[in-house]
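Worksheet: one structure, shown below.
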Amino acid sequence: MPPRAEQQQLAAFFAEAERKQVDFLDEAGKRIIELTTLLLGVLFTVVAFGDTYPPPYLADNILANKKRSLFWDGLTFWAGSGCLALLIGIIIMLA
């Protein structure tokens, strides 16, 4: 039994949606980046033109916060690098 016109239209619709899926996801990713950049720009503008700089929540123990942040940044970087090296090694061994 040949497919009906509705079934053919539905199959054509899904085929076209599948072809355009990559473009849609690419545009959605770009839009998310644009909106995030806008939000951060507004946030930094409000902080820069505020009455007090740095804001009170940053003024206390700035040096201690930076040291702690740098420690954790370095630690997570090296842990991530180690995991990546391990993953690459496993992929090479299994190839």
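Values quoted throughout were computed directly from the atomic coordinates according to the rules given, and no laboratory measurement underlies them. A quick note: this is a predicted structure, and the numbers were derived from the prediction, not measured.
Which of Ala28, Ala15, Ala64 moves the most in a Gaussian network model of the chain with Cα springs under 10 Å?
Ala15
So what's the angle, to the nearest 10 degrees on a 0 to 90 scale, between helix 5-48 and the longest Cα principal axis of the chain?
Result, in degrees: 10.
Can you compute the helix-only [θ] at 222 nm over the chain? Use -39500 (n - 2.57) per DSSP H run of at least 4 residues, normalise by all residues, nearest 500 deg cm²/dmol.
Rounded to the nearest 500, it is -30500 deg cm²/dmol.
In degrees, nearest 10, range 0 to 90: what is the angle between the Cα axis of helix 62-94 and the longest Cα principal axis of the chain?
Between helix and principal axis, roughly 40 degrees.
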